[in-house]
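Notes for the one structure printed next.
The values are calculated or read from the model by the stated rules, or taken from the named source; none is laboratory data. Computed from a prediction, not measured in an experiment: that's the story for all the values here. Cβ placement follows ideal geometry from the backbone for every residue including glycine, while neighbour counts extend to all protein chains displayed.
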Amino acid sequence: MDEVDVMTRAGESVGKAVGTGLKAARQGVVRAGHAAEVKLAERGITADQVRGALVERADTLMSKAEDWEKQTRRSRKRLAKQSAKKRAELMSKAEEVRKEVKKAAKHARKDAKSRAKEIRKAAANLGADAPKRRRWPWVMGLLIAAAVAGYVALTRRPEEVHLQDDEEQAPMAEPVLNGQVPTQKEPVK
């Protein structure tokens, strides 16, 4: 158990070092306090005067902080009121603009509708004055072209080429097995 002993001693030595360090720090603070009192005494200032000055300074700092907090609170409230007013103004102006745009769009649609009507009337008048074209000659031409194409396609059919003469080979009869004619086609063995 050498390891346990070593670890225990290490903890004790660290604890001892920390304890001595804290003791030295406390003693240093006390010495610095005494030295400060001596220097203040040389100048004619007591420890109570220093405490009073610190308290006064802390009070003035606290009052300034409170004043600043009040000012920021007031300015936040004022800013909130102003932004609410501006928002309301902008919303009312936006509503007015929306209504104006709606009216203008309605008027533009109405004008466009009347102009389109006028344009259709003018186009109808132009169409009535122009001579009408007849379409039946084109239809007749297309029918004749289709008939000619059909005739050419039918007359130019390729002739059938017979590979075998019909006279040389007669169709073979079905084989008869053991004197019986099969009813279904059976493979010949």
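Based on this model, can you work out whether Arg87 counts as in a helix (DSSP H, G or I) and modelled with pLDDT under 90? Judged against the criteria, Arg87 is not a match. Among the residues of this structure, Val50 does not count as one that is at pLDDT below 90 and surrounded by fewer than 10 Cβ atoms within 10 Å (Cβ to Cβ).
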